[in-house]
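Everything below concerns the one structure shown next.
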Amino acid sequence: MRFRTTTVAVLALSTVGLVAMPTAAHVTVSTDNPEPGGFAVYTVRVPNESDSASTVRVEVQIPDGLEASRYQATTEWTMSIEDGVFVAEGGVIAPGEFQDFRFQGRNPEEARDLTFPALQTYDDGETVRWTGEAGSDTPASVVSLGSDDNGGTGDTLSLVALVAAGIAVVLSGLALARRSR
């Protein structure tokens, strides 16, 4: 019985790790207002995945129809919005860290998905292209306008990971309680 309980707890924790990993594995974009035609603040979350290099530049393609106009200043970073591209550079996101960048814009008038291809450049010269389809190793972030989902491809996975983590904690507690008997 002890082996079975321990096995279940280990499997639950492993599931949490596998589910939670993709949520922090790419550049994501989310918005505070997914209403078509509305004014919104977009948040670009950039996690550093490298164990040895720092992120030093991020470029995010702004979808056609989204009128991006201003950005929020972030210490140590130089930002711009030019020719349909948001760029942040000059700062450092060290291994194990993430950085949020924000810009404001007016959403397109029609309900639709907005895709945000991004390039993440590290100080060792590597550039990761977050331009793939959903479910790929390097997905571009998607924000859905006209829905209750405020965007960010990792939102659903984050919720699943949170539920799985809760289950893992309960199972681990049960395993420990049975072990102490």
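The values are calculated or read from the model by the stated rules, or taken from the named source; none is laboratory data. These figures come from a predicted structure and were not determined experimentally. Methodologically, a virtual Cβ is constructed for each residue, glycine included, from the backbone with ideal geometry; neighbour enumeration extends over all protein chains shown. Ligands, DNA and RNA are stripped out before the accessible areas are found, and what is left, the full protein with its side chains, is counted by its heavy atoms. Shrake-Rupley method; radii C 1.70, N 1.55, O 1.52, S 1.80 Å.
Odds and ends about this structure:
- In plain terms, the chain from residue 70 to residue 115 could stretch by 14.3 nm, reckoned as 0.36 nm per residue minus the Cα-Cα distance.
- Label positions at residue 54 and residue 134, each projected 7 Å from the Cα along the C-beta direction, are separated by 3.6 nm.
- Cβ-defined net charge surrounding residue 42, 12 Å radius [Lys, Arg +1; Asp, Glu -1]: +1
- Solvent-accessible surface (1.4 Å probe) assigned to residue 100 amounts to roughly 30 Å².
- Loop GluC sites (Glu not before Pro), segment 87-143, which have at most 12 other Cβ atoms in a 10 Å radius of their Cβ (DSSP): 97, 109, 110, 126, 133
- Residue-level accessible surface for residue 78, protein heavy atoms, 1.4 Å, Å²: 90
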